Amino acid sequence: MLRNYSNSRTLGDNIRLGTLTAFTAGTINIASLLIFLSFTSNVTGHYAILAAEISQGNWTQVAVVGGWIFLFFFGGFVANMSVINFNKKSKYFAHALPIILEILCLLAVGIYGQFYYRKTLEETEALVALMLFATGLQNGLTASISNFSVKTTHLTGTTTDLGILASMFTQKKFRKNPELMGKAKLLLSIMTAYVLGAVFSGLTYYHLEFRVFYVISICLLVVIGYDFYKINLRHFHTEYRYYKIYHKPTFIAFLYYKIHNKDEKRTVSRPNTNAKLAFSDK
């Protein structure tokens, strides 16, 4: 989900990433609405509030709402900075870091809310700010690594794109276009997952309360854990195949034999030294 970048990503990569992150975004948004009476997965409404506060001259609230908007922006900034700066050193780390930061933010909200929250205005404003930064991280990461194909924290653009695609599918030539069909599947999966996350949050909040943020963190851990498993499993088998072909000792191959209780000398076949390549000289 995270390990592939930009144009190297497949439709399946984007659907898996979009589905899980949209589910968490929907859960976050409804949880914040029920707890803080504020949306935190997007800033569209906050721009309207900012304009209203400016027109009324409520400069304290202007600073608060402006700070919320900035933190959502800053989350996207940090996510893309991670991708473009650490991508050459470790693509997986570059893509996982924003998710790790988001998990830390959500855990902080959950722990503080469960044990220390007294429902004061200042506490509410600070926790909303932290959640907006977290969703900004998620939105920035998914957009960055998917070449702006996946945005999962709000559905305004998704609904617009689906409306456009639906009108295009009234003509047969567009229905036969695999790229457009793939785009529609991706958008539908994001929309469905977001709604399911919102419903899940609404149904479980009254039982879990702030503990719902622990559930969201587990969902995000699945995202980074899945790719960690896939990358290391692939590396394991690659190292083992390297040893089988070139008969050079590697630590991974040694572990493979120990885990599978195999005798290294018996399982390794020797290459045919008399064999020649088709294009070699006779």
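The values are calculated or read from the model by the stated rules, or taken from the named source; none is laboratory data. Please read all numbers here as calculations on a predicted model, not as lab measurements. Cβ coordinates were reconstructed from backbone atoms using ideal geometry, including for glycine residues, and neighbour counts include every protein chain displayed. These accessible areas exclude ligands, DNA and RNA; they are computed on the full protein's heavy atoms, side chains included. Shrake-Rupley method; radii C 1.70, N 1.55, O 1.52, S 1.80 Å.
Considering 30, 69, 54, 15, which residue is assigned to a helix (DSSP H, G or I) and either open to solvent by 60 Å² or more (accessible area, probe 1.4 Å) or aromatic (Phe, Trp, Tyr) (or both)?
54
Quick one: count up the residues across the stretch 138-182 that are in a helix (DSSP H, G or I), farther than 18 Å from residue 16 by Cβ and not basic (Lys, Arg).
Summing the residues that are in a helix (DSSP H, G or I), farther than 18 Å from residue 16 by Cβ and not basic (Lys, Arg) in the stretch 138-182 gives 17.
Exactly one condition in (1) modelled with pLDDT of 90 or more; (2) not in a helix (DSSP H, G or I) is false for residue 42; which is it?
Looking at each condition in turn, residue 42 falls short on (1).
When residues of the stretch 160-174 are filtered for being surrounded by 11 or more Cβ atoms within 10 Å (Cβ to Cβ) and of a type outside the set (A, V, I, L, M), how many remain?
Of the residues in the stretch 160-174, 4 are surrounded by 11 or more Cβ atoms within 10 Å (Cβ to Cβ) and of a type outside the set (A, V, I, L, M).
Filtering the stretch 72-92 down to residues that are within 13 Å of residue 145 (Cβ to Cβ) and among the hydroxyl-bearing types (Ser, Thr, Tyr), which residue is least open to solvent (accessible area, probe 1.4 Å)?
82
Just name the residue that is modelled with the highest pLDDT out of those in the stretch 93-140 that are among the aromatic types (Phe, Trp, Tyr) and open to solvent by less than 50 Å² (accessible area, probe 1.4 Å).
Per the stated criteria, the residue is 133.
Here are the criteria: (1) open to solvent by less than 60 Å² (accessible area, probe 1.4 Å); (2) under 29 Å from residue 91 (Cβ atoms); (3) of a type in the set (A, V, I, L, M). Tell me which single one residue 181 does not satisfy.
It is condition (1) that residue 181 fails.
Which of the residues spanning the stretch 31-70 are over 15 Å from residue 132 (Cβ atoms), β-branched (Val, Ile, Thr) and in contact (Cβ under 8 Å) with a residue 12 or more places away in the chain?
Correct list: 62 only.
Here is a yes/no grid of residues against (1) among the aliphatic types (A, V, I, L, M); (2) at pLDDT 90 or above; (3) outside any helix (DSSP H, G or I); (4) within 19 Å of residue 109 (Cβ to Cβ):
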| residue | (1), (2), (3), (4) |
| --- | --- |
| 209 | no, no, no, yes |
| 215 | yes, yes, no, yes |
| 226 | no, no, no, no |
| 231 | yes, no, no, no |
| 252 | yes, no, no, no |
| 256 | no, no, no, no |
